[in-house]
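The values are calculated or read from the model by the stated rules, or taken from the named source; none is laboratory data. Here the structure is a predicted model, which means the values were calculated and not measured. Reconstructed Cβ throughout: ideal geometry from the backbone, glycine too, with neighbour counts over all protein chains shown. Just so you know, the surface numbers come from the protein's heavy atoms only, side chains and all, with ligands and any DNA or RNA stripped out. Shrake-Rupley method; radii C 1.70, N 1.55, O 1.52, S 1.80 Å.
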Amino acid sequence: VQLQASGGGLVQAGGSLRLSCTASIRTFSSYGMGWFRQAPGKDREFVARINWNSSTYYAGSVKGRFTISRDNAKNTVYLQMNSLKPEDTAVYYCAADRGSSNNYYQTHSYDYWGQGTLVTVSS
């Protein structure tokens with residue numbers, strides 16, 4: 001299984017980016033998919049999650065600004081990030097969960113991880 005994340009880059013505060021993550025999973029539609037991020041010197045933290053039934057969850061710090069979605073026909077999950085802030089600067093990782101864990105905000109709930117894509121927000 002491989003997860004390929006893309007879409008990171010440099011953006012000014014207030015701007016937008018859309019991250020994509022394409023998975024080589026035959027049964028992609030049955031997986032829960034998540035986005036996490038890790039800033040320099042900090043632990044990896046939960047950003048957003050979308051379940052197989054398209055129910056979604058967000059970290060409080062991004063709720064109302066970020067939107068997670070999925071396209072099962074393309075085996076792809078997206079993270080639309082609007083109103084970006086300098087504190088959103090981090091490496092963003094996508095992750096896949098074979099189950100339907102209630103602990104969706106914890107890294108150990110996920111079975112597969114992508115390589116990460118860097119998002120830098122300048123002030």
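Here are some notes:
- Filter pass, Tyr93 being surrounded by 22 or more Cβ atoms within 10 Å (Cβ to Cβ) and either more than 18 Å from Val121 (Cα to Cα) or in contact with a helix residue (DSSP H, G or I) (Cβ under 6 Å, 6 or more places away or on another chain) (or both): no
- Among the conditions (1) within 14 Å of the chain's Cα centre (by Cα); (2) closer than 22 Å to Ala13 by Cβ, the only one that Lys85 does not satisfy is (1).
- Pairs, first touching a residue at least 24 places away in the same chain (Cβ under 8 Å) in segment 50-61, second aromatic (Phe, Trp, Tyr) and open to solvent by 60 Å² or more (accessible area, probe 1.4 Å), C-beta under 9 Å, six or more apart: Ile50/Tyr57; Asn51/Tyr57; Tyr57/Tyr105; Ala59/Tyr105
- Screening Ser123 with (1) open to solvent by 70 Å² or more (accessible area, probe 1.4 Å); (2) without any contact (Cβ under 8 Å) to a residue 60 or more places away in the chain; (3) of a type in the set (Gly, Ala, Ser) gives one miss only, at (2).
- Given (1) buried (at least 20 other Cβ atoms within 10 Å of the Cβ); (2) on the phi > 0 side of the Ramachandran plot, index of the condition Leu19 fails: (2)
- Only one of the numbered conditions (1) aromatic (Phe, Trp, Tyr); (2) touching a helix residue (DSSP H, G or I) at 6+ places or on another chain (Cβ under 8 Å); (3) not in a strand (DSSP E or B) is violated by Phe36, and that is (3).
- Selection count where residues are of a type in the set (A, V, I, L, M) and farther than 21 Å from Gly99 by Cβ, scope segment 25-78: 3
- The residues of segment 1-15 include none that are in contact with a Cys (Cβ under 7 Å, 6 or more places away or on another chain) and part of a loop (DSSP other than H, G, I, E, B).
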